[in-house]
Amino acid sequence: MLFLLWFKIKQPTNITQKQLMEIWKREAEAAMPAVKAGKIKGLYKVTGRREVLAIIDVNSHEELDEILETLPIVKELGHSLTIEVTGIHPYENFYELMKKLLQ
């Protein structure tokens, strides 16, 4: 199951820019093995914003919840982080469905 995750980070007023970057560095260090293992299919920083987009491949909704709850950025920023989750699938699958439905 593929999901598009959109992480929107708001810097809490009680931490410095440096502290935020340290948290973000820990998050990146946790993400890189998942990228190399193929669990994260794409990982992108949005230019000029404190936002990250990820495409992740999981076996279940529960697995996605478990992954999200263990992320350093979720644990350390919690309420200062918004995550938008959208289920996606390859466009080729949609194309095949359209062909089938039009028969």
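The values are calculated or read from the model by the stated rules, or taken from the named source; none is laboratory data. All values reported here derive from a predicted model rather than from experimental measurement. So basically every Cβ, Gly included, is an ideal-geometry build from the backbone, and we count neighbours across all protein chains shown. Side chains included, ligands, DNA and RNA excluded: accessible areas come from the protein's heavy atoms. Shrake-Rupley method; radii C 1.70, N 1.55, O 1.52, S 1.80 Å.
Separation of the stretch 53-89 from the stretch 1-49 is 11 Å, based on Cα centroids. The angle separating the long axis of helix 91-101 from the principal Cα axis of greatest extent in the chain is about 30 degrees.
Over the chain, what is the mean sequence separation of C-alpha contacts under 8 Å (at least six apart), divided by residue count, expressed as relative contact order in percent? Walk me through the intermediate numbers first.
Values: 122 pairs, mean separation 45.5, N = 103.
Dividing the mean separation by the residue count of the chain yields 44 percent.
The angle between the Cα long axis of helix 17-37 and the main principal axis of the chain comes to about 30°, on a 0 to 90 degree scale.
Once the other residues with Cβ under 12 Å from the Cβ of Pro72 are scored (Lys, Arg +1; Asp, Glu -1), what is the net sum? Kindly include the intermediate steps, with their values, before the conclusion.
Working: positive: Lys25, Arg26, Lys75; negative: Glu22, Glu27, Glu29, Glu69, Glu76.
Charge balance near Pro72 sits at -2.
For Cα extents along the principal axes in Å, computed directly from the structure shown, the correct entry in (1) 60, 26, 22; (2) 41, 30, 20; (3) 35, 30, 21 is (1).
For the cross-link pairs Lys25/Lys75; Lys8/Lys45; Lys41/Lys75; Lys18/Lys39; Lys10/Lys45, the ones whose C-alpha atoms lie over 18 Å apart are Lys41/Lys75; Lys18/Lys39.
Tell me, what is the per residue accessible area of the chain in Å², probe radius 1.4 Å?
71 Å²
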